[in-house]
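Right, one structure below, let's go through it.
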Amino acid sequence: MAEPAVIQMVGPPDGSDVWFDPIGLWVRTGRAVRWVNRDAGNSHTATAYHPAVFGRSRRIPAHARPWNSDYLLPNGSFEVTFTEPGVYDYYCLPHEHAGMVGRIVVGDPNAKDWWQTPQLKVDSKLPAAALTAFPSIAEIIKRGYIHRAQ
Ligand SMILES: [Cu+2]
């Protein structure tokens, strides 16, 4: 088994900014992803956009299981194994309004065009800072991972 891919929750020591690094990640089906809080100044969550979790719009594949890490203290971690191909958008509960969101693309990019999911293009229930922060699916697939634009 491959080691989990790691997404760090990061920010400057004064706590004035927060983000997931990488903000965009591509993994093969069956790979685990581990979120690790490397931000000494904040607690964070990794929470899937799904009606079953705080009643949000579904922004993960139809048959995928949603997740919620709950609050991760500094150096805390949480892991999810992705068995369903598709696009997964998630957010940090206390920092969604600051644009702390991420996108994971799972599966063989050449298998089919599942990444054209129309629900991902618009979502009136998301704060603008979150909606504009997601990296493009095409870029994630092309580069494998995307760091947030500074
Ligand atoms: Cu956060």
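In this structure, does residue 44 turn out to be under 14 Å from the mean Cα position of the chain (by Cα), within 13 Å of the ligand (Cβ to nearest atom) and surrounded by 16 or more Cβ atoms within 10 Å (Cβ to Cβ)? Answer is yes for this residue. Being within 16 Å of the ligand (Cβ to nearest atom), under 20 Å from residue 147 (Cβ atoms), modelled with pLDDT of 95 or more and in contact with a strand residue (DSSP E or B) (Cβ under 7 Å, 6 or more places away or on another chain), is that true of even one residue in the stretch 47-69? The answer is no, given that none of the residues of the stretch 47-69 is within 16 Å of the ligand (Cβ to nearest atom), under 20 Å from residue 147 (Cβ atoms), modelled with pLDDT of 95 or more and in contact with a strand residue (DSSP E or B) (Cβ under 7 Å, 6 or more places away or on another chain).
Only one entry of 39, 21 meets the criterion of being of a type outside the set (Val, Ile, Thr), within 13 Å of the ligand (Cβ to nearest atom) and surrounded by fewer than 20 Cβ atoms within 10 Å (Cβ to Cβ), and that entry is 21.
Residues in the stretch 1-12 that are surrounded by fewer than 15 Cβ atoms within 10 Å (Cβ to Cβ) and away from the ligand (no atom under 15 Å from the Cβ) were compared, and the one that is modelled with the lowest pLDDT is 1. Filter the stretch 70-84 down to the residues that are more than 16 Å from the ligand (Cβ to nearest atom) and charged (D, E, K, R), then identify the one that is surrounded by the most Cβ atoms within 10 Å (Cβ to Cβ). If we take residues in the stretch 70-84 being more than 16 Å from the ligand (Cβ to nearest atom) and charged (D, E, K, R), then 84 is surrounded by the most Cβ atoms within 10 Å (Cβ to Cβ). Under 23 Å from residue 3 (Cβ atoms) and among the charged types (D, E, K, R): is that true of residue 28 in this structure? Spelling it out, residue 28 is indeed under 23 Å from residue 3 (Cβ atoms) and among the charged types (D, E, K, R). Counting only residues that are of a type in the set (A, V, I, L, M), over 23 Å from residue 107 (Cβ atoms) and out of contact with any Phe, Trp or Tyr (no Cβ under 9 Å at 6 or more places or on another chain), the stretch 1-57 holds 2 of them. Checked across the stretch 106-115, the condition of being surrounded by 14 or more Cβ atoms within 10 Å (Cβ to Cβ) and at pLDDT 90 or above holds for at least one residue.
The values are calculated or read from the model by the stated rules, or taken from the named source; none is laboratory data. These figures come from a predicted structure and were not determined experimentally. Neighbour counts are summed over all protein chains in view; Cβ atoms, including those assigned to glycine, are modelled from backbone coordinates with ideal geometry.
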